[in-house]
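I have placed the structure first, in the form of structure tokens, so that the comments after it can refer back to it.
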Amino acid sequence: MEKLVIEGGRPLTGTIRIHGSKNAALPILAACILVDGQHTVENVPDLLDIKVMIDILHAIGCKANHQDGRVMLDTSSIYSYHIPEDLMKQMRSSIFMMGPLLARFGQVQVYQPGGCAIGERKIDLHLKGLRALGATVEESNNTIICRANKLIGADIHLDFPSVGATENILMAAVLAEGETTIHQAAKEPEIVDLQNFLNTLGAKITGAGSDKIQIVGVKKLTPRRYRIIPDRIVAGTLMIATAVTGGKVELTSTCPQHLESLIHVLKKADVQITLKNDIININSLGRPKSLDRIVTSPYPAFPTDLQSQIMVLLSLSEGITTIKEKIFEQRFKHVDELKKMGADIQVNNNIAYVRGVPRLYGASVRATDLRAGAALVVAGLAGKGTTTIEQIHHIDRGYVNIESIFNQLGANITRCVESPVSK
């Protein structure tokens, strides 16, 4: 098993480019199934989740090659609508295959997906949307089979603005007969990117980024070259890490408008942020100020994917901040690990009370999920002494060589392979 060893206490300085968005790339790669032909998708990060998605595409007969940030796909050889269970267990986003396969082949067989253990993540809204489009759904033990001779446009009202359900329904509806409207749709930038990609292929979609998306079904799409948006969560993690370490960093190839909630929070914490086109400059002005309250909610509110990282910053602030997690009920697993490093945090149900301390200290900790792992890296960069992080395969799901990213900015992080213990 690999681990990261971090020598803390070094301010981050320099310039770095933000890689492409994992959460935009995954549904777009799945959406390529809708079109028979050759695709080129650019700015795709070299991540564990992307590798799993490409393995899934290979498993159903698609030809796919990922090299130098570009994925070349040939979907004309797809012969199966059955996603292997072992691959679905590796990644939550495998569920994105349902909509495209159903739309193209009239049926799809999947299993309950895996992924980070951060709380209950039902797929009932996905199934509700597909049923509304005319699909029949059979559920037996862990297996889900959807069938539809023809998908028909419908008015679909989501009970919650689920990103995955919005994207799955959107992909299925593109080739449906008639018009589909998704009400209370999720508004995330990754959904806008999926709309833009599909419209490039010839789809007729409007409204992504608002709570109502309208899709007019088309009979045919045509493959085109497309470039994925930058990863806002990676950018946000680097912004917070710069503030935590007392550094000064320039991020390039960003979308500042996707980070407005974080920028607002950092400015309130007395971090200096300046924006120019796709460039974000972050300058730490000393110990951050505490905030009264942060609440995670669907976009454009503060993202749950940055909650653990911002907690590190506030654990070093002057004062007390409350953080309320409204998306995933098990997303405070990093708290116990941060407390090993000297943080003063108390949790009551879905609210964390963060009392700032002057300093964190190196310790041996473990990543319990993707974003918790990123937060521990940020804490290790700020901590005095050496921090060792285990179970870093979680981190590799969302950050391309995270040690390389930070080492380019002056950090001292080493990836090591643990020797097996002799018995």
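Can you order the peptides 317-324, 247-254 by their average number of other Cβ atoms within 10 Å per residue, highest first?
Packing order, densest peptide first, comes out as 247-254, 317-324.
Consider a paramagnetic label point 7 Å from the Cα of N149 along Cα→Cβ; state which residues of the stretch 156-190 have an amide N under 16 Å from it.
Under cut-off, by backbone N: 177.
Compute, for the stretch 296-402, the length of the dipole vector about the Cα centre, with Cβ point charges of +1 (Lys, Arg) and -1 (Asp, Glu) only. Units Debye, rounded to 20.
120 debye
Under a point-charge model restricted to the Cβ atoms of Lys and Arg (+1) and Asp and Glu (-1), what is the dipole moment magnitude of the stretch 26-168 relative to its Cα centre, in debye to the nearest 20?
240 debye
Which entry is the computed mean projected area of the Cα convex hull in nm² for this structure: (1) 24.3; (2) 22.9; (3) 20.0?
Among (1) 24.3; (2) 22.9; (3) 20.0, the one calculated here is (3).
I'd like to compare 174-181, 228-235: which one has the highest average count of other Cβ atoms within 10 Å, and what's the full order after that?
Those peptides, ordered most packed to least, come out 228-235, 174-181.
Which net charge results when you count Lys and Arg as +1 and Asp and Glu as -1 among the other residues whose beta-carbon is under 11 Å from that of S284?
+1
With an 8 Å cut-off on Cα pairs and a minimum separation of 6 or more residues, tell me the relative contact order of the stretch 356-423 in percent.
30 percent
Over the chain, what is the relative contact order in percent, taking alpha-carbon pairs closer than 8 angstrom and at least six residues apart?
The value is 21 percent.
Given charges of +1 on the Cβ of Lys and Arg and -1 on the Cβ of Asp and Glu, with all other atoms neutral, how large is the dipole of the chain about its Cα centre, in debye to the nearest 20?
That gives a dipole near 520 debye.
Past 26 Å, Cα to Cα: identify those pairs from K150/K326; K128/K326; K248/K276; K187/K324; K3/K89; K22/K289, in the order given.
Pairs exceeding 26 Å: K150/K326; K22/K289.
Which percent of the accessible area of the chain is formed by carbon and sulfur heavy atoms (probe 1.4 angstrom)?
Percent of accessible area from carbon and sulfur atoms in the chain: 45.
Counting alpha carbon pairs within less than 8 Å and at least 6 residues apart, what relative contact order, in whole percent, applies to the stretch 303-380?
39 percent
The values are calculated or read from the model by the stated rules, or taken from the named source; none is laboratory data. The model shown is predicted, which means the values in this text are computed figures rather than measured ones. So basically every Cβ, Gly included, is an ideal-geometry build from the backbone, and we count neighbours across all protein chains shown. To get the accessible areas, we keep the full protein, side chains included, count just its heavy atoms, and leave off ligands, DNA and RNA. Shrake-Rupley method; radii C 1.70, N 1.55, O 1.52, S 1.80 Å.
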